[in-house]
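Where a number appears in this text, it was derived from the coordinates with a stated rule and is not lab data. On a predicted model such as this, the values are computed, not experimentally measured, just so you know. Note that we place each Cβ from the backbone using ideal geometry, even for glycine, and neighbour counts take in every protein chain shown.
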Amino acid sequence: MPGQMWVVGFDDQPVAQWFDLTTVAQSPSRIGREAGELALSLIDDPGADRERHLVLPTHVIPRTTTAPPPAPRPEPQLPPD
């Protein structure tokens with residue numbers, strides 16, 4: 001289905017470049033730092049609330065597995081009566 005389907009990966013692994021795969025990238029070092037800080041805070045205060053919600057930045061690396069959106073199609077016209 002070329003031209004009808006997009007494929008997007010996650011994490012921008014090196015193999016994504018080989019396939020020229022569009023990916024959503026994130027920072028593994030930032031994820032590790034945040035996880036480490038959370039682990040240390042739980043060690044310091046075992047009774048602390050363990051539930052956390054953290055949104056980290058990501059960005060899209062466009063490659064050839066995605067394309068611009070198609071142009072709008074004209075509305076079909078019914079034949080006159």
Inset, instruction - Using θ = phi - 60° and the Karplus relation 6.51 cos²θ - 1.76 cosθ + 1.60, list the HN-Hα couplings for region 10-24 in order, rounded to whole Hz, with x at every Gly or Pro. - result: 9, 5, 6, 5, x, 5, 4, 5, 4, 8, 6, 7, 4, 9, 9
Inset, instruction - Quickly work out the D45-to-D20 label distance, labels modelled 7 Å from Cα along the C-beta direction, and quote it in nm with one decimal. - result: 5.2 nm
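Given the Cα-Cα distance of V8 and T58 and 0.36 nm per residue of separation, how much length would full extension add, in nm? If you can, show how the numbers build up before the last one.
On the way: separation 50, 0.36 × 50 = 18.00 nm, distance 1.37 nm.
Stretched out fully, the V8 to T58 stretch lengthens by 16.6 nm.
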Inset, instruction - Give a residue-ordered list of calculated ³J(HN,Hα) values for region 50-64 (Karplus: 6.51 cos²θ - 1.76 cosθ + 1.60, θ = phi - 60°; whole Hz; x for Gly, Pro). - result: 8, 7, 9, 10, 9, 10, 9, x, 9, 8, 8, 10, x, 9, 7
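Please give the FRET efficiency for A67 paired with A35, using the beta carbon to beta carbon distance and R0 = 41 Å, rounded to the nearest 0.05. Could the numbers behind the result be given before it?
On the way: r = 36 Å, r/R0 = 0.87.
After rounding, the FRET efficiency stands at 0.70.
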